[in-house]
Amino acid sequence: MSVLSGMENSAGVVLRRAVELDNNGRFQESLVCYQEGIDLLLQVLKGTKDDAKKTHYRQKLRSYMDRAEQIKHHVVKEKEEGKYHKQIKIVENATGYSYENLFKPYVDETLTEVWVEDPYIRHTHQLYNFLRFCEMLIKGPSRIKKINLLTSRDEQENGKDQQMCILQEIKISLLDYGVILEFSFSQSIHDREIRFNNGWLIKIGRGLDYFKKPQSRFSIGSCDYDLRPCYETSVDIFHNNHTRKT
């Protein structure tokens, strides 16, 4: 019974978040939460013996499923018409914006290739950010096969060697997961964008480097990026049916 109660509480939390995102016009993100919450509530329904509660859960499920279907049609229509654009404002010192949370709504089973254009994947913490981004991609549900990185070279002698060494280490490590990393350099690159071959384009004002440095190696937020304060920046999300091909 405690397990069922815990599952019901989890469903409530996720579905309240779905409604909040829905009310704020963040439809793609709300759809993910609706789907997760509905799955949890379905499990609660299956484990419930009380007929009155079953009737209550069915009514709730019908309402959430109807709304999720409406959002799905809305998002699909916007994508087909090339009108999809969502902007997320990350305020100074905000938390909860790990790569998993920010990119999760756009990483699905159709994603197999990613292009990252970011001039600041040079210093150690920036390279570590890129590694965390790669980890997010291979955790699924995507079937990522190739990651392309375009960045600028570190012009300092020691920094240049370190940058190449770390990128090579990431490349070798990704091969263990069947993922190819191709990286190249441009000293004239200024734009920061991440392009998925399932049609999503994400532009972040600060690129992947929007997290503040933790107070120490052993302070909260050092390991969990959801708990790490962010710099103020904006995230613009578009959908384009005609992305680059390999």
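For the chain, what's the relative contact order in percent, using C-alpha pairs closer than 8 Å and at least 6 residues apart?
Numbers: 378 pairs, mean separation 54.8, N = 246.
Reported relative contact order: 22 percent.
Can you return the lysines within cross-link range of Lys83? Criterion is Cα-Cα under 25 Å, with same-chain partners fewer than 8 residues away left out.
Straight-line reach from Lys83, under 25 Å: Lys72, Lys104, Lys203, Lys245.
Hey, how many Å between the Cα centroid of segment 104-170 and the Cα centroid of segment 58-79?
The distance from the Cα centre of segment 104-170 to that of segment 58-79 comes to 34 Å.
Cα atoms only, segment 1-127: Rg and Dmax in Å?
My reading of the Cα-based Rg and Dmax gives 18.3, 60 Å.
Could you tell me the largest-minus-smallest coordinate of the C-alpha atoms of segment 123-246 on each of the three principal axes, in descending order and whole angstroms?
Sorted from largest, the Cα extents of segment 123-246 read 43, 32, 31 Å.
Leaving ligands, DNA and RNA out of it, report the carbon-plus-sulfur percent of the accessible area of segment 1-96 at a 1.4 Å probe. Present the calculation step by step, with values, prior to reporting the outcome.
On the way: 2980 of 6060 Å².
Carbon and sulfur: 49 percent of the exposed surface of segment 1-96.
Show me the chymotrypsin sites (Phe, Trp or Tyr not before Pro) within segment 137-246 that DSSP assigns to loop and that have at most 10 other Cβ atoms within 10 Å of their Cβ.
Sites meeting the loop and neighbour criteria: Phe218.
With no solvent and one point per C-alpha, what does the Debye sum give as log10 I(q)/I(0) for segment 68-119 at q = 0.22, 0.29 Å⁻¹?
-1.18, -1.19
Leu4: net charge of surrounding residues, Cβ under 13 Å, Lys/Arg +1, Asp/Glu -1, itself excluded? Don't skip to the end; give the middle numbers.
Working: positive: Lys46, Lys49, Lys53, Lys54; negative: Glu8, Asp50.
Net charge around Leu4: +2.
Give a quick list of GluC sites (Glu not before Pro) in segment 20-83 that DSSP marks as loop, anything other than H, G, I, E or B, with at most 11 other Cβ atoms within 10 Å. Don't skip to the answer; put the middle values down first.
Numbers: sites: Glu20, Glu29, Glu36, Glu69, Glu78, Glu80, Glu81; in loops: Glu81.
Filter output for segment 20-83: Glu81.
In terms of the ratio Rg/(2.2 N^0.38 Å) built on C-alpha atoms, what value belongs to the chain?
Scaled against compact globular proteins, the figure is 1.15.
Please enumerate, by chain and number, the lysines with C-alpha under 17 Å from the C-alpha of Lys160, excluding those fewer than 8 residues away in the same chain.
Lys171
Starting from the eigenvalues of the Cα gyration tensor, five times each then square-rooted, give me the equivalent ellipsoid semi-axes of segment 89-150, largest first, whole Å. Please list the in-between numbers first.
Details: eigenvalues 81, 56, 19 Å².
Ellipsoid semi-axes (Å, largest first): 20, 17, 10.
Using the crude model of +1 on Lys and Arg Cβ and -1 on Asp and Glu Cβ, and no other charge, please compute the dipole size for segment 39-79 relative to its Cα centre, in debye to 20. Don't skip to the answer; put the middle values down first.
Working: 11 positive and 6 negative charges, 7 e Å.
The dipole magnitude comes to about 40 debye.
Restricting to DSSP loop positions (anything but H, G, I, E, B) with no more than 15 other Cβ atoms inside 10 Å of their own Cβ, which trypsin sites (Lys or Arg not before Pro) remain in segment 99-174?
Numbers: sites: Arg122, Arg132, Lys139, Arg143, Lys145, Lys146, Arg153, Lys160, Lys171; in loops: Arg122, Lys139, Arg143, Lys145, Arg153.
Within segment 99-174, the qualifying trypsin sites (Lys or Arg not before Pro) (loop, at most 15 other Cβ atoms within 10 Å) are Lys139, Arg143, Lys145, Arg153.
Quick check for you: which residues of segment 120-142 have the amide N under 13 Å from the point 7 Å beyond the Cα of Asn158 toward its beta carbon?
Answer for segment 120-142: 124.
On average, how much area does the Cα convex hull of segment 148-216 cover when viewed from any direction, in nm²? Please list the in-between numbers first.
Values: hull surface 26.5 nm².
Reported value for the Cα convex hull: 6.6 nm².
The values are calculated or read from the model by the stated rules, or taken from the named source; none is laboratory data. Treat the numbers as computed from the prediction; the structure is a model and nothing was measured. Neighbour counts are summed over all protein chains in view; Cβ atoms, including those assigned to glycine, are modelled from backbone coordinates with ideal geometry. What goes into the accessible areas is simple: the full protein's heavy atoms, side chains included, and nothing from ligands, DNA or RNA. Shrake-Rupley method; radii C 1.70, N 1.55, O 1.52, S 1.80 Å.
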